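Colleague: Sharing a structure, written as structure tokens. Questions coming.
The values are calculated or read from the model by the stated rules, or taken from the named source; none is laboratory data. Please read these numbers as outputs of a predicted model, since none were measured by experiment. Here the Cβ is made from the backbone with ideal geometry for all residues, glycine too, and neighbour counts use every protein chain on show. Just the protein is used for accessible areas: all its heavy atoms, side chains included, with ligands, DNA and RNA removed. Shrake-Rupley method; radii C 1.70, N 1.55, O 1.52, S 1.80 Å.
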Amino acid sequence: MNFENILSTSNQGVATITINRPSKLNALNKATIEELHQAFKAADQDKDIKVIVVTGSGEKAFVAGADISEFANFDVENGGKLAAKGQEILFDYVQNLSTPVIAAVNGFALGGGLELAMSAHFRIASDNAKMGLPEVSLGVIPGYGGTQRLPQLIGKGRAMEMIMTAGMIDAQTALSYGLVNHVVTQEELLPLAEKIAGKIIKNSSVAIAKAIDAINANYKDGINGFEVEVKHFGDCFGTEDFKEGTTAFLEKRKADFPGK
Ligand code: COA
């Protein structure tokens with residue numbers, strides 16, 4: 001697939017999607033959001049891809065937000081549509097993918113950038129990373145899920161403070177808040193993502209997809225996560241991966257999951 005604003009590569013079961021507008025600090029314009037949708041969709045549908053890593057190009061930014069120049073003249077209707085479309089094709093879309101998504105936050109993750117990182121299944125960061133939701137400093141609020149996912153991840157009080165002050169937190173603070181799982185140097189960031197991906201890949205992709213869905217169920221209105229867990233747990237017993245996983249254990253060998 002040919003993209004203008006992103007790069008998409010794959011190696012040994014790991015797809016790496018890199019937002020590639022470094023001169024604009026990888027800000028998310030409409031075209032980039034659409035390309036990201038296509039790249040995530042293609043990676044998720046590729047049976048050989050077991051983990052997706054999303055990161056930003058250059059040493060300065062993961063993503064410095066939605067592209068402000070694109071929406072500065074929007075009216076109420078277009079503003080609403082911008083958020084709705086973005087949530088549908090990128091932010092909710094990524095959260096609900098059955099392939100694990102790791103955000104490797106390599107610099108500024110602001111506004112839509114932090115929202116994209118929060119849509120990923122978990123986050124790691126380089127020690128120069130800075131994260132924030134500065135929307136209220138522009139007279140708007142986070143519109144790509146930030147008011148919902150930030151409190152889910154770091155608690156309501158901290159999210160309120162970050163959103164109201166429009167301030168940025170550094171990588172160590174993000175680590176202490178539980179917003180990111182690990183902080184390493186920039187050189188170590190993608191190798192760490194690959195190392196974690198390597199551990200994930202050894203496990204049953206079918207079971208992982210069901211686990212993602214069960215965990216996400218806890219955050220959806222009108223859905224009982226415990227019931228989703230019971231259903232997916234039961235369904236696992238009908239998979240080839242379950243047969244292989246349990247047989248390999250009893251035969252004292254490593255499982256070789258067919259992913260079915
Ligand atoms: N939308 C559009 N363009 C953006 C952008 C955004 N969210 N963030 C950065 N850019 C552009 C700048 O306009 C600049 O372009 P130019 O060289 O054509 O003027 C380029 O990226 C470099 O950014 P610059 O501001 O010069 O870098 P800096 O090191 O001085 O500051 C930031 C870095 C991240 C602090 C600053 O760019 C910033 O505050 N960005 C906006 C963050 C934001 O509010 N995001 C939420 C949007 S809802």
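Colleague: So, counting K/R as plus one and D/E as minus one, what does the shell of residues with Cβ under 13 Å around residue 153 add up to?
Modeller: With Lys, Arg at +1 and Asp, Glu at -1, the neighbours total +3.
Colleague: I've got another one for you. Which whole-angstrom value gives the distance between the alpha carbon centres of the stretch 212-247 and the stretch 80-116?
Modeller: The distance from the Cα centre of the stretch 212-247 to that of the stretch 80-116 comes to 24 Å.
Colleague: Taking amide H positions as placed 1.01 Å from N in the peptide plane, with prolines and chain starts having none, which residues 5 or more places from residue 6, or on another chain, fall under 5 Å of its amide H?
Modeller: It is 20, by chain and number.
Colleague: Report the residue, chosen from 21, 149, 158, that carries the largest GNM mean-square fluctuation when the chain is represented by alpha-carbon nodes joined by springs under 10 Å.
Modeller: Among 21, 149, 158, the largest GNM mean-square fluctuation belongs to 158.
Colleague: So, one more: Determine the principal axes of the Cα atoms in the chain, then give the extent along each, sorted from largest to smallest and rounded to whole angstroms.
Modeller: Computed over the Cα atoms, the extents are 62, 41, 36 Å.
Colleague: Please report the projected area of the stretch 177-260's Cα convex hull averaged over all directions, in nm².
Modeller: With every direction weighted equally, the projected area is 7.8 nm².
Colleague: What are the principal axis extents of the Cα atoms in the stretch 1-111, in Å, biggest first?
Modeller: 45, 29, 23
Colleague: Can you give the convex hull volume per residue for the Cα atoms of the stretch 205-250, as a whole number of Å³?
Modeller: Convex hull volume per residue, Cα atoms: 63 Å³.
Colleague: Moving to a separate point now. Helix-only estimate, please: 222 nm mean residue ellipticity of the chain, summing -39500 (n - 2.57) across DSSP H runs of length 4 or more and dividing by its residues, to the nearest 500.
Modeller: Dividing the helical sum by the residues of the chain leaves -13500 deg cm²/dmol.
Colleague: What is the percent carbon and sulfur in the accessible area of the chain, measuring with a 1.4 Å probe over the protein chains and ignoring ligands?
Modeller: That fraction is 54 percent.
Colleague: Please give the FRET efficiency for residue 77 paired with residue 203, using the beta carbon to beta carbon distance and R0 = 51 Å, rounded to the nearest 0.05.
Modeller: E between residue 77 and residue 203, to the nearest 0.05, is 0.65.
Colleague: Now a separate question. Within the stretch 163-204, what residues put their amide N at less than 16 Å from the label point 7 Å along the Cα-to-Cβ vector of residue 246?
Modeller: Taking a point 7 Å out along Cα→Cβ of residue 246, the residues of the stretch 163-204 whose backbone N falls under 16 Å are 204.
Colleague: Right, next: Normalised by the residues of the chain, what does the relative contact order come to in percent, with Cα pairs under 8 Å and at least six apart?
Modeller: Once divided by the residue count of the chain, the mean separation gives 15 percent.
Colleague: Pick from 153, 192, 138: which residue has the top mean-square fluctuation in a GNM of the chain where Cα pairs under 10 Å get a spring?
Modeller: Checking each option, the largest mean-square fluctuation is seen for 138.
Colleague: Check residue 54: other-chain or 5+ apart residues with amide H under 5 Å from its amide H, H built from backbone geometry?
Modeller: Close amide H contacts, sequence-distant or interchain: 17, 102, 103, 104.
Colleague: Continuing with this model, one more query. Can you say what percent of the DSSP beta bridges in the stretch 6-201, counting only those with both residues inside, are antiparallel? Round to 5.
Modeller: Rounded to the nearest five, the antiparallel share is 30 percent.
Colleague: Follow-up. Compare 37, 232, 121 in a GNM of the chain, Cα atoms joined below 10 Å, and give the one with the largest fluctuation.
Modeller: Looking only at 37, 232, 121, the largest GNM fluctuation is found for 232.
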